[in-house]
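> For reference, the structure I am asking about is given below.
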Amino acid sequence: MTQPTQTALTHALNALNPTHLTLDNESHMHAGYFDGKESHFKLVIVSAEFAGKRLAARHQAVYALANPFLMANGGTVHALAIHAYTPDEWQTLAQAPNSPNCAGQNKG
């Protein structure tokens, strides 16, 4: 199945020159899911561009690129869980935290 929002958002995030990028569509874990829905995403992004930046600044950099895809701007993305790391941080962690259940309506 084609995932146009996921593909376009991944392409936009490449502007941060990531050494690691995963964008998981977690819409199936939320109420109101239907095949092809692209509303809830988990982003793990590792970039040297985050070095020396606080978490808020990292998120702002991501949101600047994701903005056109958000529902508030006419897109389909309702939720974007951002896990933004420097290469050194990622080397220590090697994985992002698991996503929480959806307000008691988790389908998985």
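The values are calculated or read from the model by the stated rules, or taken from the named source; none is laboratory data. Since this is a predicted model, take the numbers as computed values, not measurements. Note that each Cβ is placed from the backbone with ideal geometry, even for glycine, and that neighbours are counted across all protein chains shown.
> Looking at Thr92, Thr2, Thr86, Thr7 in this structure, which one is hydroxyl-bearing (Ser, Thr, Tyr), at pLDDT 85 or above, exposed (fewer than 13 other Cβ atoms within 10 Å of the Cβ) and more than 13 Å from the chain's Cα centre (by Cα)? If you could, list the steps in order and put the result at the bottom.
Values: Thr2 fails: at pLDDT 85 or above; Thr86 fails: exposed (fewer than 13 other Cβ atoms within 10 Å of the Cβ); Thr7 fails: more than 13 Å from the chain's Cα centre (by Cα).
Exactly one residue qualifies, and that residue is Thr92.
> From (1) of a type outside the set (Lys, Arg); (2) under 20 Å from Asn17 (Cβ atoms); (3) surrounded by 12 or more Cβ atoms within 10 Å (Cβ to Cβ), pick out the condition that doesn't hold for Gly52.
(3)
> Please indicate, with yes or no, whether at least one residue in region 57-74 is surrounded by 17 or more Cβ atoms within 10 Å (Cβ to Cβ) and modelled with pLDDT under 90.
For region 57-74, residues surrounded by 17 or more Cβ atoms within 10 Å (Cβ to Cβ) and modelled with pLDDT under 90: present.
> Scan region 61-82 and report the pairs whose first residue is without any contact (Cβ under 8 Å) to a residue 60 or more places away in the chain and within 20 Å of Thr22 (Cβ to Cβ) and whose second residue is among the β-branched types (Val, Ile, Thr) and assigned to a helix (DSSP H, G or I), with Cβ atoms within less than 8 Å and a gap of 6+ or a chain change.
Leu80/Val62; Ile82/Val62
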